[in-house]
Structure formats: C-alpha cells, structure tokens
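Below you'll find the structure, written out as structure tokens, and then a few comments.
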Amino acid sequence: MESSLVKDNPLLLAINRQKTIYDGFITVQDQDFRLRIQLPADRQLKQARLHCSCKLKHLLRGYEHIVKQRLQQSADLVSFMLELKTVMEVGLKSRPECSSIPPPQYYSQLISEMETLGWDKLLSIDTEFQTLRLKVQDSAGRQHILIIKLKSKHPAEAPECSADLPLPLLITWTPQSTLAQIHHQFLLVLESLTEFWDVLDEIDRQTWILEPEKPSRSDTMRRIAIGNNVSIKVEVDPKHPKMLPECCLLGAELVVTPLRNKLNANMHLWNPDSSLLLNLQDVLEIEFPSPATHEKSAFSVECGICYSYRLEAELPDQVCNNPCCGQPFHQTCLYEWLRALPSSRQSFSVVFGECPYCSKPITVKMPTHQF
Ligand SMILES: [Zn+2]
Ligand SMILES: [Zn+2]
C-alpha cells in the first residue's frame, strides 16, 4: 500500500515511525493543497482525522459529508486519497475562484520577469500577485499606465492587457513571451499615437473644452467653445489625427449656418501638414477663444429652465434662435416645459412652442432617452 500511496501522492509523507500521521500536500489539477491525516494506532481509516488547510476547507465546503462517508467506506488510505481527489475535482469545477490560484512556479516566473523589466516600472500589484500596474513614459514625456492581468497558467496563457488608449490594445503573446516584451510592444503602440495626442494636447491647451469635462488619453471627441452658446464638436481619428475630422456645429441656427457654410466652402484648404487647431481656425475663419483671453464661465451659460449647466451628461445645447434672446436650454428641460403648455403643438417627435424667455417660436425634438 505504502508504495502506491507515495506514487499517487508524492508530496504526502508519513512523519512518524508508526506511520499514523501523514502530512503534506494533495495535488489536483496542478494545484497543491495542504492536509494532514491522523490515523489511530491500528491505522483504521474509520477513526481517522483529516485536517485541511483553509484553501482546502474552502474547496470542500458543502462536500464534508461525502468526505466523511468516503473515510468510513474506503478500504485503505490509497483508495481514500483517490476518492478525495475526485471530490476535489468536482469542487474545483463549481468554485472557479479556487482554480485561479496559481502554482508556486508562477511566482518565481513573475519575479524573474520583473527583474528583467525593472522593478522601478511597477506602480502597484494586487494581493493575489495577478494584476500589475506598470508606469510607462513615451518619447514625448507623457505618462501612461499599463494594466496587466496575468493568468494562473502564465506564461502558457496570454495575459489581459489594458490601458487608456483610443484604440484597442493588441498584444502578441506566445508561451515564451515576457513582461519586458509586452512593455516593448506597448511603447511601440504609444509611439504610433504620439501625433494624435500632440494634436489634442494643443487643442486642450489653447481652447476652452466644454466636453468631455476632463479628457482622458482615450477620448477622441472634443467640444470646443467658439463663442456664447456656439461650439464645435470634433471627432479625431487616432490613426489620421491631422486629417479633416468629423465636425458638428452646435448653437443657434443664426450663428451656426454661416459657420457651416464656411466649413463647406473652405474644406479644400485643409492642410494635413498643419495642426488640427490651425486648420479648424482657417476653414471656419475664426479664432477660438483661449484660456489666455477668456474665462470659461462665458461659454458655460446655464439652462434657462433648471438654472444648472450640467444635467447628468446633458449640456444646455438647445438655443433660442431669436438673436435678441439666444437663451440656452437643456433638451430635456425645454421638451418637458413646452409639452406642459396648452399653447404648444407636437408633430411626431418635435414640439413647437414659445421660448420661455422671449415668447418667440422655438422647437425641440423629443430627447432620445424618452419614450
Ligand atoms: Zn435644464
Ligand atoms: Zn428666446
């Protein structure tokens, strides 16, 4: 019996001469679980006591009665250990969190890879030693964070990598790959985006950005203030940041129409060698108000109905077309306001009514999130 016990469970050994106490590990699916088996003097399994580590206890939770029954019924320790492994395999299937605990060689692999990469690049690591945050600086001096989630079967299985980027991060991985190679691939991705961030950083520095409130490195959209209640929304292509972006002018028709006409008429003047900001100013024939010359409050006029600027994600972008009024409203506020008035009229999704400020005709579309 002894020889097949050792063969099946090389990490479990009798620790006394009477062979009544066994201590060590039981291995299931490449994972080792600590346990100790105490047998009575006659080495009968029926009276045996099983001590499990926390990890093993957690795995066997709900299966205790089966384990007890197997102890009672197994002919010897060899067959009991086989039965126990079967129960543990069932347990691992129902508790995937147990199977995510990596084997010991995982940690030595991780340490040697970090030594090659350089510990100074590690910002933080979680308590399971599976999620790493690396700091990476690109050639333009911008700081980035690369998050790497290692799999328990690292390096056989590819890790999950993510970062604040405008494009999906694609990393090539083979079982021979290392963290240093991921780091290198990430640097190449950052270099390919340098021009995109140069273009956006210039806009962020020299104009008033109304949206997003705090642009992140992955944001490709900017809503730039042009004047009181007039703005332009541009969607920059990360792969071709200097090409004419998708543009949308927002504000009162009276002001927006001439700008739109200029944009259409001057589009051919767009120069891909020049910066996005300069090109936009050239084709629109304007100069954007900049933080150096204007206060931001001049462009963030609050809604004339709820008196706030930001309503969840909505900004007051519905503007009264009467040039003497020009009051901005949130779409939701104006829609609710007009719908409640008997003088208003609705046709499909558009409500026609009077501006709450100047009583001149105003229309609003039903907000898309309302039904
Ligand atoms: Zn409002
Ligand atoms: Zn008005």
### Message
Looking at SER359, SER344, can you tell me which residue is over 36 Å from the mean Cα position of the chain (by Cα), within 15 Å of ligand 2 (Cβ to nearest atom) and at positive phi?
### Response
SER359
## Note on the structure
Filter region 293-313 for residues that are without any contact (Cβ under 8 Å) to a residue 24 or more places away in the chain and away from ligand 1 (no atom under 16 Å from the Cβ); the one that is nearest to the chain's Cα centre (by Cα) is SER297
### Task
Enumerate the helices (runs of 4 or more DSSP H) found wholly within region 76-181, keeping only those where 2 or more residues are modelled with pLDDT of 90 or more and in contact with a Leu (Cβ under 9 Å, 6 or more places away or on another chain).
77-94, 104-117
### Message
Please pick out the residue among PRO272, PRO289, PRO316 that is more than 24 Å from GLY227 (Cβ to Cβ), in a loop (DSSP other than H, G, I, E, B) and within 36 Å of the chain's Cα centre (by Cα).
### Response
PRO272
### Task
Kindly list, by first and then second residue, each pair from a residue in region 124-143 that is assigned by TED's automatic domain parsing to the domain that holds SER162 to a residue that is part of a loop (DSSP other than H, G, I, E, B) and surrounded by 12 or more Cβ atoms within 10 Å (Cβ to Cβ), limited to pairs with Cβ atoms under 6 Å and residues at least 6 apart or on different chains.
GLN130/LEU150
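For (1) crowded, with 17+ Cβ neighbours inside 10 Å; (2) assigned by TED's automatic domain parsing to the domain that holds LEU315; (3) free of Cβ contacts under 8 Å to residues at least 24 places away in the same chain, each residue gets a yes or a no:
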site: LEU170; (1), (2), (3): no, no, yes
site: LEU187; (1), (2), (3): no, no, no
site: THR207; (1), (2), (3): yes, no, no
site: LYS214; (1), (2), (3): no, no, yes
site: ARG217; (1), (2), (3): yes, no, no
site: ARG223; (1), (2), (3): yes, no, no
### Task
Working only within region 56-82, note down all residues that are of a type in the set (A, V, I, L, M) and more than 20 Å from GLY24 (Cα to Cα).
ILE66, ALA75
### Query
Is one or more of the residues making up region 191-198 at pLDDT 95 or above and not in a helix (DSSP H, G or I)?
yes
### Query
Which one is surrounded by the fewest Cβ atoms within 10 Å (Cβ to Cβ) among residues in region 1-44 that are assigned to a loop (DSSP other than H, G, I, E, B) and of a type in the set (Val, Ile, Thr)?
ILE15
### Message
Against the definition (modelled with pLDDT of 95 or more, within 21 Å of VAL319 (Cα to Cα), assigned by TED's automatic domain parsing to the domain that holds THR293 and surrounded by fewer than 19 Cβ atoms within 10 Å (Cβ to Cβ)), how does ASN228 come out, yes or no?
### Response
no
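The values are calculated or read from the model by the stated rules, or taken from the named source; none is laboratory data. Bear in mind that the values here come from a model prediction, so they are computed numbers and not experimental data. A quick note on method: Cβ atoms are made from the backbone with ideal geometry, for glycine too, and the neighbour counts reach across all protein chains shown.
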